[in-house]
Structure formats: structure tokens, C-alpha cells
Amino acid sequence: AEGLFETGSLSGKTVVITAGPTREAVDPVRYISNHSSGKMGYALAQAAIDAGAKTILISGPTGLPVPDRVQHIPVISADDMYRESLVHAVDCQLFIAAAAVADYRPAVLAEQKIKKGADDEMVIRLVKNPDIVAAVAALPQGQRPFTVGFAAESECLLQHARGKLERKNLDLIIANDIVAEGIGFNSDDNAVTVIDKSGELALDKQSKSGIARQLIALLAKKLPASGT
Ligand code: CTP
Ligand code: CA
């Protein structure tokens, strides 16, 4: 926490964080989603506030309490999250994509509740959602924040994470082993490996708030000097 005359490592900076799952509507009563709890993104928002940043949390439905002084922008679908993220990304210095964005959404949103048919099978056609963190990383110089992604993988963790760092043109990626014991997704603990051009750093298993504080401290050091 900040003392009266101290300034945090992120004071004067604006941080935008995406968190939680998205929901992709099928019809008025159904959706496609995932098991993301949002805990890691919310822990990052708390750590960013504690470091003195103006903090904007763009979150899918989680039911988690929003940390004090954090500006919360609730969203439902990946499309909503994409729109809000680009609005706010252009005015921030650090963008952290912790959300578990649905990769696909139903191609058509049925206006009425879909009825059970006579057929024993049914097919929902899906179309790809926009890649939010890649779009932020592709913003022009001057509008582009330091851009950080997560990679949640069930296999070949570091290899896939390095691939995403490259493909999405990120400044840094946090690799998250979702099948390792007692960590990731709904857990209160996490263990991650931070990867950027300069190398890799493993953070040992600990509470998500501990991981978040370490990540924010590390990211504060990596941010370019503002020059103002
Ligand atoms: N992400 C995003 N928008 C999407 C999909 C993912 O911003 N439409 C972000 C996530 O928030 C995360 C990073 O991209 O920071 C990696 O997400 P992940 O699901 O691991 O990667 P994908 O590119 O979707 O690849 P795949 O799911 O096939 O592994
Ligand atoms: Ca994905």
C-alpha cells in the first residue's frame, strides 16, 4: 500500500486488464463459455492499484468483488470485450490480457429459444472471435501500450507460449500450466513462467495475489520511461 509521501512503482501510469471468461450467446437462454474464475486478473488489478496505477478492469462475468478504486467495465461477449479493450488500450501504458476469451461464437444468434427437434443430433456453427491482445499489440506507435498476454496450455507449455509471444507480437507472455496440480483456473494458487525477448523467469507456486504482486513489480521495471 502507498504511504502519504511515497509513490508506487506504477504511479502516473494507467493499466488495463482483461479478466474472466466471456459468454457467447446461442439463443436468449443459452451460451458457450469456459471455466475461467477471473481470480488471476482480479489479483493483478489489486496489485496494480496497490502499485499506484490508475487501473481499469474489463471483465467477463465472474461474481468476484471488484477491488477498491479499480474502474470496472463489465462485459459479456468477446466482441464486447474487444470493443472496450481497444477504447481503453490507446490511453494506457500497460495492457494485460488475463481473460479466457472464447475463441469462437455461434455464427447466428437465434432470436427465440431453440426448440428440441426430432433429430438426435444438432450442430451449432461457430465463427472465430477477434484476438483482443493481438489487436492491442498491433496498434500504431504512440497508441500501443506495453502488451502482455497469458498462455494457458495443457501441453508443451513453454513452446506454445513462445509461439504466442511471437505470433501476437507481445512484449511479454506469462505461461500458465493449467493441468499442473492445484494451480490455474479455479485455484487460489498459481505458478507461472514469464517469457520475453530477454529470457525466462519461473515464479514458484504461491497465492495468485503473490504471483500478481511479483508480476506487477516486474512489469513496472520493464515499462519504457515515459519521457515526460
Ligand atoms: N486472447 C485474446 N483474444 C482472443 C483469444 C485470446 O485477447 N480472442 C488472449 C488471452 O487473453 C491470452 C492470450 O491471448 O492473454 C492467449 O490466449 P490463449 O487462449 O492461450 O491463445 P489462443 O491464441 O486463443 O490460442 P489457443 O486457444 O488455440 O491455444
Ligand atoms: Ca484460446
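Please determine whether any residue of segment 47-57 is in contact with a His (Cβ under 7 Å, 6 or more places away or on another chain), open to solvent by less than 30 Å² (accessible area, probe 1.4 Å) and either part of a strand (DSSP E or B) or modelled with pLDDT of 95 or more (or both). Within segment 47-57 (the criterion being in contact with a His (Cβ under 7 Å, 6 or more places away or on another chain), open to solvent by less than 30 Å² (accessible area, probe 1.4 Å) and either part of a strand (DSSP E or B) or modelled with pLDDT of 95 or more (or both)), the answer is yes, since at least one residue qualifies.
Take residue 188 and tell me if it is in contact with a helix residue (DSSP H, G or I) (Cβ under 7 Å, 6 or more places away or on another chain), over 25 Å from residue 80 (Cα atoms) and crowded, with 19+ Cβ neighbours inside 10 Å. Considered against the rule, which asks whether it is in contact with a helix residue (DSSP H, G or I) (Cβ under 7 Å, 6 or more places away or on another chain), over 25 Å from residue 80 (Cα atoms) and crowded, with 19+ Cβ neighbours inside 10 Å, residue 188 comes out as no.
Taken over segment 190-209, the residue count meeting the criterion of being more than 17 Å from the chain's Cα centre (by Cα) and closer than 14 Å to residue 43 by Cβ is 3. Specify the residue that is most open to solvent (accessible area, probe 1.4 Å); the eligible residues are those in segment 6-33 that are outside any loop (DSSP other than H, G, I, E, B) and out of contact with any strand residue (DSSP E or B) (no Cβ under 7 Å at 6 or more places or on another chain). If we take residues in segment 6-33 being outside any loop (DSSP other than H, G, I, E, B) and out of contact with any strand residue (DSSP E or B) (no Cβ under 7 Å at 6 or more places or on another chain), then 30 is most open to solvent (accessible area, probe 1.4 Å). Look at segment 33-47: where a residue is within 14 Å of residue 187 (Cβ to Cβ) and a partner is at pLDDT below 95 and of a type in the set (D, E, K, R), sitting 6+ places away or on another chain with Cβ atoms under 6 Å, you get 39/208; 40/208; 43/208. Consider residue 102 carefully, then state whether it is of a type in the set (A, V, I, L, M), within 17 Å of the chain's Cα centre (by Cα), modelled with pLDDT of 95 or more and over 28 Å from residue 220 (Cβ atoms). The answer is yes for residue 102. Of all the listed residues (107, 97), the sole one being open to solvent by less than 50 Å² (accessible area, probe 1.4 Å) and under 19 Å from residue 173 (Cα atoms) is 97.
The values are calculated or read from the model by the stated rules, or taken from the named source; none is laboratory data. Since the structure is predicted, the reported quantities are computational estimates derived from the model, not experimental observations. Neighbour counts are summed over all protein chains in view; Cβ atoms, including those assigned to glycine, are modelled from backbone coordinates with ideal geometry. The area values use the complete protein model at the heavy-atom level, side chains included, leaving out ligands, DNA and RNA. Shrake-Rupley method; radii C 1.70, N 1.55, O 1.52, S 1.80 Å.
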